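Enquirer: The structure follows.
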Amino acid sequence: MKSPYRTLLTALAFCIGPVVFGQDVIRLQSCENELITKQVDSLKTLYGGQGYELVREASVSMESEYEMPVIVPLTQGSWYQFVFIGEYTSRLYEVRMYDWQERMVVFRQKKWGDVDGNVIVYSYVPKFSEFHMIKPVQVNKQKKKNLCGYVMMFKRTADSTGSVQN
């Protein structure tokens, strides 16, 4: 004997499925940029020497003026260092970070011509263990699509004396 709920769920899946799967979806795609790769390698060496461990990284193909949301789990009281690197040819770089309640907890902006203008770095110590959303964006008038971006998340594992942190 079939359950009426099972029949209803099956019918809903057939009705809703084409609508859900027919929509355009933002897909995370990697990219390569030799200049960004050199900056990434330098920053990994720098932060590794300062007691940070790289816990997340991704190269991301971006479109000008569109945010690329990245969701990360953070642990209360831990010290994190976040890095976003955009293409040199972009004229504006921004990163916003939101907590689980969708409150903006970090906003950083750089412009072309600033010293290290294509790199945004910030520290953050979460008050609660929860997911946060990072939304990097870059504005580039020359290329609207296929901009390269790179996101890294480091976690502090030792202080300057070498003792381990939480």
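Enquirer: What is the distance in Å between the Cα centroid of region 28-86 and that of region 109-153?
Expert: After rounding, the separation between the Cα centres reads 8 Å.
Enquirer: Lysine pairs in region 31-164 8 or more apart or on different chains: how many have alpha carbons under 18 angstrom apart?
Expert: Pairs that pass both the separation and distance tests number 10.
Enquirer: In nm², what is the average projected area of the convex hull enclosing the Cα atoms of region 25-156?
Expert: Value for region 25-156: 7.8 nm².
Enquirer: Further question: Identify the residues of region 70-105 with backbone N under 20 Å of a label point that sits 7 angstrom from the Cα of LYS143 along the Cα-to-Cβ direction, or state none.
Expert: 84-95
Enquirer: Mark the label point 7 Å from the Cα of SER42 along Cα→Cβ and return the residues of region 138-152 whose backbone N is within less than 13 Å of it.
Expert: none
Enquirer: Continuing with this model, one more query. Let me know the charge dipole size of region 37-97 about its Cα centre in debye, to the nearest 20, where only the beta-carbon of Lys, Arg (+1) and Asp, Glu (-1) is charged.
Expert: My answer is approximately 180 debye.
Enquirer: Using a Förster distance of 25 Å, how high is the FRET efficiency between GLU57 and VAL125, based on the Cβ-Cβ distance and rounded to 0.05?
Expert: For GLU57 and VAL125, the calculated efficiency is 0.80.
No lab work stands behind these numbers, since they all come straight from the coordinates. Please read all numbers here as calculations on a predicted model, not as lab measurements. In this analysis, Cβ positions are derived from the backbone assuming ideal geometry, glycine residues included, and neighbour counts consider all displayed protein chains.
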